[in-house]
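Participant: Handing you this structure, nothing more for now.
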Amino acid sequence: MGDLLDRYDLAGAFDEMFAAAGEPRTPYLGLVAHLETLSRSDLDDRCAMRDRAFRDQGITFALGGEEERPFPLDLVPRILAARDWTTIEAGVRQRVLALERFLADVYGERAILHDRVIPHRMVVTSAHFHREAAGIVPAGGVRVHVAGVDLVRDRDGRFRVLEDNLRCPSGVSYVVENRRAMTRVFPEMFQSHHVRPVADYPMRLLAALRATAPPAAGNNPTVVVLTPGVYNSAYFEHSFLARQMGVELVEGRDLVCRDQVVFMRTTNGEQRVDVVYRRIDDEFLDPVHFRPDSMVGCPGLLNAARAGNVTVANMVGNGVADDKAIYSYVPDMIEYYLGERPILDNVQTYLLEDPDVLAHALARLDQLVWKPVDGSGGYGIVIGPRARDHELDALRTRVLADPRGWIAQEPIALSTAPTYIDGSLAPRHLDLRPFAVHDGESVWVAPGGLTRVALPEGSLIVNSSQGGGSKDTWVIADPLAPASVAPSELPAPAPEAIDCTPLERGRQDPGPLVAPLDQQQQQQQQ
């Protein structure tokens, strides 16, 4: 019998695996029983298998200038009961629909601003509100083709929304790759758990992109993935999705816009492009309308979108909904546009342009979490209770100079889960990023999403650029539901027959969670 869990101590937050010391929660009963049969050397051997497989496939990343190393996947999965997932799925779908309506509104009639539900100034002063997108009506009315909604579970076990990501949300490639790795490292656990599959995400995404192509594209639209290039920190995901969808991966130099139509240069001549799944930030996407020195975009792309000749996914200007000040109004959007109460609550947030709110928040400078409204990747966040005096003094100066540029939030004791650290299982804080795909008719939420885990002890910053890793996220299906694992996720033969050869070599593509997860932190080439 193993002793991996013998010294596991709860950390004072909601623990995903244990309701109390030695009392596993129902979804984890089978996993705990299996972990109790493993020794440290058993788990070390499986970690070595994982690392060799990731290296063979190029699934590596570099942190802080270090040499590249295998992507940090913790082998203890995070498990979500079917009931919890039903709530998450409904809440994410509701949120995406409301944000879709909001974006169409603020770049159209602006009814929500005229009705004073959201202050006009709050929207137009957002760094990611782009007037260049005003008046564009995309095919199918879809601006948010892909959304990543970051969730945390509080001390009471309730899921809350931490932020929305509607520009270029990244990390879904690791959802798929983590699952593939886990089915080979722990095939026996998939035989005893009814886990919902995630391998069909690329085909779901392709179907949504094709469904939202311009009407002139007909029944066979041409879809491309637009990347800044191989030096981009999220290149793994770009090439992975292009290969999995069976579409071309292109750079800006591969596209040309003529007469408000986009063409792709090929060895057989130019081919018309109907849908551009762009993985380039707005400012670099079209040098005609944004940065004229950008060498990674396509001049005239926005004009073609305005003419209705190409679909840009996700649409330019979506970042206004990512603004952390606008985030605080999403519950109001849900009630305004959908006439519904929010299924998932926000974290309590203070908007600092109001002098009274600012004074109240500054009086609690060392008690709140402070975030720049357009920040990403965990950068710029100051956790008041853990900050030093000189950090708080510098923060006060920055907030007073630009109250619109900051929000303050009540601290949330992020839930914890057992994570394999230095030969033993220890509690580490984590979050969850479900991915939603919108095709104009419905919103599909991939079951599970990406669990990010803060590996340093006590850290609340889960972003891998800050030293975080990830876990495979298992959604336990209803026992009466159909097959739990997609064909491509089926475990290899028996445990003793497993080797560490690349998983489905040729269908994989490497890349770091570091920046994919930190979706706005893209290393643009200029």
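Taken together, the values in this text are just the output of simple stated rules run on the coordinates, not laboratory data. Keep in mind that what you see is a predicted model, and the values were worked out from it rather than measured. Note that each Cβ is placed from the backbone with ideal geometry, even for glycine, and that neighbours are counted across all protein chains shown.
Participant: Putting +1 on Lys and Arg Cβ atoms and -1 on Asp and Glu Cβ atoms, find which of Tyr107, Thr125, His145 reaches farthest to the positive end of the dipole of region 104-147.
Facilitator: Sorting the options by dipole projection puts first Thr125.
Participant: To the nearest 0.05, how large is the calculated FRET efficiency for Ala413 and Arg258 if R₀ is 41 Å and r is the Cβ-Cβ distance? Working shown, then result.
Facilitator: Numbers: r = 56 Å, r/R0 = 1.36.
Plugging the Cβ-Cβ distance into 1/(1 + (r/R0)^6) gives 0.15.
Participant: Each residue of region 350-367 in order: what ³J(HN,Hα) in whole Hz does its phi give by Karplus 6.51 cos²θ - 1.76 cosθ + 1.60, θ = phi - 60°, with x for Gly and Pro?
Facilitator: Per residue, the Karplus-derived 3J(HN,Hα) values read 10, 8, 9, 6, 6, x, 5, 5, 4, 4, 4, 5, 5, 5, 10, 3, 8, 10 Hz.
Participant: Please report, in debye to the nearest 20, how large the charge dipole of region 278-415 is about its Cα centre when each Lys and Arg carries +1 at its beta carbon and each Asp and Glu carries -1 there.
Facilitator: That gives a dipole near 320 debye.
Participant: Taking the dipole about the Cα centre of the chain, with the C-beta of Lys and Arg at +1 and of Asp and Glu at -1, give me whichever of Met264, Leu241, Gly297 is farthest to the positive side.
Facilitator: The residue sitting farthest along the positive end of the dipole is Met264.
Participant: Here is a follow-up. Let a ≥ b ≥ c be the square roots of the eigenvalues of the Cα gyration tensor of the chain; is it rounded (a/c under 1.5), or, if not, prolate (a/b larger than b/c) or oblate? Show your work: numbers first, answer last.
Facilitator: Values: a/c = 1.68, a/b = 1.18, b/c = 1.43.
Cα axes put the chain in the oblate bin.
Participant: What is the Cα centroid distance between region 121-194 and region 269-307, reported in whole angstrom?
Facilitator: 23 Å
Participant: Just subtract the alpha-carbon distance of His360 and His120 from 0.36 nm times their residue separation and send over the number in nm, one decimal.
Facilitator: So the extension gain works out to 84.0 nm.
Participant: Expressed as cubic angstrom per residue, what is the convex hull volume of the alpha carbon set of region 168-235?
Facilitator: Considering the Cα atoms of region 168-235, their hull volume per residue is 134 Å³.
Participant: Could you give each residue of region 233-248 its phi-based ³J(HN,Hα) in whole Hz, using Karplus coefficients 6.51, -1.76, 1.60 with θ = phi - 60°, and x for Gly or Pro?
Facilitator: Those phi angles translate into 5, 9, 4, 3, 5, 4, 6, 4, 5, 4, 5, 5, 7, x, 10, 7 Hz.
Participant: Per residue, how big is the convex hull of region 354-478 when only Cα atoms are used? Give it in Å³.
Facilitator: Dividing the Cα hull volume of region 354-478 by its residues yields 163 Å³.
Participant: How large is the charge dipole for the chain, taken about the Cα centre, if only the Cβ atoms of Lys, Arg (+1) and Asp, Glu (-1) carry charge, to the nearest 20 debye?
Facilitator: My answer is approximately 840 debye.
Participant: Under a plain spin-label model, where a point goes 7 Å from the Cα along Cα-to-Cβ, how far apart in nm are Thr397 and Asp332?
Facilitator: 3.3 nm
Participant: What value, in deg cm²/dmol to 500, does the helix sum -39500 (n - 2.57) over DSSP H runs of n ≥ 4 give at 222 nm once divided by the residues of the chain?
Facilitator: Values: 15 runs with 141 residues, N = 526.
After summing the helix terms and dividing by residue count, I get -7500 deg cm²/dmol.
Participant: Apply the Karplus parameterisation 6.51 cos²θ - 1.76 cosθ + 1.60, with θ equal to phi minus 60°, to every residue of region 452-458 and state each ³J(HN,Hα) to the nearest whole Hz, in sequence, with x for glycine and proline.
Facilitator: Result, rounded to whole Hz: 9, 10, 7, 6, x, 4, x.
Participant: Could you work out the Kirkwood radius for region 260-355, taking every pair of different alpha carbons, averaging 1/r and inverting it, reported in Å?
Facilitator: Across region 260-355, the inverse of the average 1/r is 16.3 Å.
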